[in-house]
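To start, the structure under review is shown below, and the notes come after it.
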Amino acid sequence: MEKIYTSFEEIQQELKNKTSSCQTIVASYLQRIEQNKHLNAFLEVFADEALEKAKEIDAKIAQNNAGKLAGMVIALKDNICYKNHKISASSKILGDFESLFSATVVERLLAEDAIIIGRTNCDEFAMGSSNENSAFGNVLNPIDNSKVPGGSSGGSAVAVKANLCLVALGSDTGGSIRQPASFCDIVGLKPTYGRVSRNGLIAYASSFDQIGPFTNNIQDAALVMEIIAGADEMDSTCSKKEVPKYSESLKTHTKSKITYFKSYIENEGLDTEIKTKFLAFIEQLKAAGHTVEAIDFPYLDFLVPTYYVLTTAEASANLARYDGIHFGYRSPQAFDLESTYLKSRSEGFGTEVKRRIMLGTYVLSSGFYDAYYTKAQKVRRLLKIKTDEILSEYDFIISPTSPNTPFEIGKQVEDPIKMYLEDIYTVHANLTGVPSISLPLGKHSNGLPFGIQFTTKSFNEQRLLAFSNTLLQNKN
Ligand code: GLN
């Protein structure tokens, strides 16, 4: 019988008891990937290589010198570099480009004997909330194949939910880990900005981007964080703060002081049933002895516009390097320098990416710089001050992760504003740099899941993970 694993502990137990081996585990994941090809979660599967690596690690286990992640099968979002492997950011413009080096996170995972099984589909350059902006087709939600899995790290979320790997990495610039985790009913963590190195992550908006894990439970997220987080001389924005042993202290009985924003709950775009169930969840928290208070947060309407002004500005600069010369795709119609730029970029980028490059170029143009870019920077600062103030008084801010359950494929793709409003509750953490997690705690009467999001102060992942662990354990 095919074995499905939902925690690393089960795998470690079997490896220890010799009831399974890394080779058997990898083979069974490969089989499930084959059976679930219709989900389109993977852009490439490193089958032979993963089996080879599994064999090596089995030998290490036999000699008792395997790393901490021996037996953990991991997928990478296709914007995280893995040396000598293709990387496309789900864009045509990277063509057959292969990474020349591995991201720091990848090196750290490999050093602990994780097995990388493939690269996952995502929205092009991580821009999107439904995985419908991929040049390689959309991804299906395994819970209901007519629905989107969320985005932009849709393939990573689906790979974990459908048991095509144990853990996947994604990147979160405005919700791209938490929202797909919410849509696929799993755990998704966006760490503090600067907790995890961005070296080797294809940049979308550099002052927002963070890499983080998708997992079935908190223990696995904590363990992966322990390995990938921490100082890196290749990323000067990466903090030198010591990384706690997150996985070793996940039990907590501490009562927390929690807040939620009235404006979030009164938001018209919030599904009424999510609202009712969210408020009922708050009652449960109170019954469990936590303090939960509603407060005013008058900035809700500024979040999405500020996010889109600043991220498109950064994206327009970051994506200037795809010029038809340095990387991947060059238009066959190019005949001189200008036509190389123009035609390669026009043909190589998809609609949403082009929209954002143009928006970003506009907000940075000399006549509009102060009106948009400078103004948005000031709002960002204001949000940061206000958020730090709230988080010095409260342990956590709680909210729904997304205003809706997963929507129909194709339904919102023509309406960018509606799509941007999907990010209304998630962009706050990226604008202010604080860590935030989506937990699979809700089920709608339409049969679909919705996540609950907890946000805390910078570098407070330990507390966030321990608290999340207690909540999920009490749920089961
Ligand atoms: N949905 C958001 C966007 O399209 C978030 C993307 C992300 O976090 N990478 O920008």
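The values are calculated or read from the model by the stated rules, or taken from the named source; none is laboratory data. Note that the structure is predicted; figures quoted are calculated from it, not measured. Using ideal geometry, Cβ is built from the backbone for each residue, glycine included, and neighbour counts are taken over all protein chains shown.
Tabulated data
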| read-out | value |
| --- | --- |
| Among the candidates SER239, SER207, residue that is closer than 21 Å to LEU391 by Cα, within 16 Å of the ligand (Cβ to nearest atom) and surrounded by fewer than 24 Cβ atoms within 10 Å (Cβ to Cβ) | SER207 |
| Count - residues of region 1-31 that are buried (at least 18 other Cβ atoms within 10 Å of the Cβ) and of a type outside the set (S, T, N, Q) | 9 |
| Qualifying positions in region 238-252 - at pLDDT 95 or above and of a type in the set (Val, Ile, Thr) | VAL243 |
| Test result for PHE407, away from the ligand (no atom under 16 Å from the Cβ) and of a type outside the set (A, V, I, L, M) | no |
| Elements of type helices (runs of 4 or more DSSP H) contained in region 373-476, each with 2 or more residues being crowded, with 23+ Cβ neighbours inside 10 Å | 427-432, 461-475 |
